[in-house]
Amino acid sequence: MGTSSDPGSSTEHAVTTSSPPTGRGVGAPVMLPADGGRAIGGGGSVHARLLVTHDHPAYASTFEMRVAPGFDVGAHVHRDGEEMFFVLEGELDILCFEPLDRTIGDWHQWKDGSGQVYLRGGPGAFMYVPPGTPHAFANPTSDPVRMFFQSSVKGGHENYFAELGELLRESRGKPAPAAVRDLEAKYGTEQLTAMQAG
């Protein structure tokens, strides 16, 4: 339970929101305790804690995510919406640019016109993704990664994650490419390289 106290007073005010508020009007504040929010599983590879839903008038759906060792989301593009990633713990490979050749099957081999390649970043590494920009992240280490993530992709990224988690669970981490394509099409996403479960 989160608490706040008035300086010079012994009175504490508890904040006990157990799930993210939705649709409470423009500028509605959101406060959650450290374990608050809605847990969204990812079949062992990605776990998210939803902090702000897509139908809240805030900028975006907001998550704390845990990425399992070996998980690679694969390079992909969202037609609409922006995303931001900020690494809190661990190391993550991240990529956000238009490559010279999108057909190369491993995004770790991609380069842009200036020679830019992916970045391996630890705590503090940041990635902003404009609409229509290829991007990816992967955990190449043997330890989980924790990151802060925001997405304004239409349909609510929490819904995409929930459906992806179910797909990963049902397929024991190896979803059929057609099933992944169908899910991504539903949320305006084009997968460019394969997703790999951890």
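So, counting K/R as plus one and D/E as minus one, what does the shell of residues with Cβ under 11 Å around Leu100 add up to?
Details: positive: Arg102, Lys111; negative: Glu98, Asp101, Asp112.
Overall, the nearby charge balance is -1.
Of the peptides 92-102, 143-153, 172-182, the order by per-residue mean of other Cβ atoms within 10 Å, starting with the highest, comes out as 143-153, 92-102, 172-182. Among residues other than Val153 with Cβ under 9 Å from its Cβ, the summed charge is -1 (Lys and Arg +1, Asp and Glu -1).
Counting Cα-Cα pairs of segment 53-191 in 5 Å increments starting at 0 gives whole-percent bin shares of 2, 10, 18, 23, 23, 17, 6, 1, 0.
Each reported figure results from applying straightforward, stated rules to the coordinates on display, with no laboratory input. Nothing here was measured: the structure is a model prediction, and the numbers come from that model. Neighbour counts are summed over all protein chains in view; Cβ atoms, including those assigned to glycine, are modelled from backbone coordinates with ideal geometry.
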